[in-house]
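Asks: I am attaching a structure below and will ask some questions about it afterwards.
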Amino acid sequence: MLRRLKPLADYNITGALVSLMNTIMKPGPAAEFGGRHIILSSNPMLIEGFSLNKKITFDMTVHAALDPVIDRKALAAWVDIPALNPGENFIPQSKHTYYSFVATLGIFPDLYGSKDGYEPASCYEYLASDVVSPWYETKEGNGPITLELGAPFQPPDNAFTLVLGIGLQYGAPKPNGEIKRIKDTGCAKILRAG
């Protein structure tokens with residue numbers, strides 16, 4: 001689900017996500033064999049704001065209010081990004097020439113503890129859809145943009161949470177003029193869940 005944003009992380013997010021899931025498990029009912037269920041759909045806002053960065057976070061870079069919307073019925077989401085002006089509401093890593101936004105929408109099923117580990121009640125595909133904005137010059141910023149996403153598949157039941165992530169990646173021009181993402185740069189977070 002966060003596969004498209006994981007390259008923007010600056011630490012191993014696995015431990016932090018496991019810790020977060022433990023928080024979500026605590027209020028849930030006890031399962032067989034002493035485990036607990038992970039019913040994220042009952043309280044999806046617990047993962048909102050989860051940062052994939054510790055050094056330079058998305059909120060440190062983008063100082064503008066984004067307007068994310070999740071439409072659970074339509075299995076869709078979109079995020080409105082306002083105009084960003086360097087030095088005002090946008091503090092990019094200035095050594096990089098270009099940046100673009102990456103948004104991802106995944107379906108996280110509620111997980112039920114069993115003797116075999118954690119499994120969804122129905123068969124789920126672990127896919128996500130993503131969209132990438134055009135590249136913008138870091139020194140110029142960008143005008144208002146909207147990133148729209150649809151869910152990658154129809155869930156088999158209602159025991160799921162739509163998770164919308166947002167990231168900012170940096171790029172540099174290649175000799176042929178094409179812009180290539182710079183490894184180990186950028187920032188991302190879970191923007192909305194519902």
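The values are calculated or read from the model by the stated rules, or taken from the named source; none is laboratory data. Since the structure is predicted, the reported quantities are computational estimates derived from the model, not experimental observations. Using ideal geometry, Cβ is built from the backbone for each residue, glycine included, and neighbour counts are taken over all protein chains shown. When the accessible area is computed, the model is the full protein with side chains, heavy atoms only, and any ligands, DNA or RNA have been set aside. Shrake-Rupley method; radii C 1.70, N 1.55, O 1.52, S 1.80 Å.
Asks: Just the residues that are open to solvent by 10 Å² or more (accessible area, probe 1.4 Å), closer than 23 Å to Leu84 by Cα and among the small types (Gly, Ala, Ser), please, taken from the stretch 144-185.
Replies: Ala172
Asks: Please indicate, with yes or no, whether at least one residue in the stretch 84-95 is modelled with pLDDT under 95, more than 16 Å from the chain's Cα centre (by Cα) and closer than 17 Å to Gly194 by Cα.
Replies: no
Asks: Hey, which of the strands (runs of 3 or more DSSP E) in the stretch 102-194, taking only ones fully inside, have at least 2 residues that are farther than 24 Å from His37 by Cα and not aliphatic (A, V, I, L, M)?
Replies: Details: elements: 111-114, 117-120, 128-132, 145-150, 160-173, 179-181, 187-193.
Because the criterion is at least 2 residues that are farther than 24 Å from His37 by Cα and not aliphatic (A, V, I, L, M), the strands (runs of 3 or more DSSP E) in the stretch 102-194 that meet it are 128-132, 145-150, 160-173, 179-181, 187-193.
Asks: Would you mind telling me which numbered condition in (1) closer than 30 Å to Asp184 by Cβ; (2) at pLDDT 95 or above Ala76 fails?
Replies: Failed condition: (1).
Asks: State all residues of the stretch 11-41 that are at pLDDT 90 or above, of a type in the set (Ser, Thr, Tyr) and either within 21 Å of Phe160 (Cβ to Cβ) or open to solvent by less than 40 Å² (accessible area, probe 1.4 Å) (or both); if no residue qualifies, say none.
Replies: Correct list: Ser41 only.
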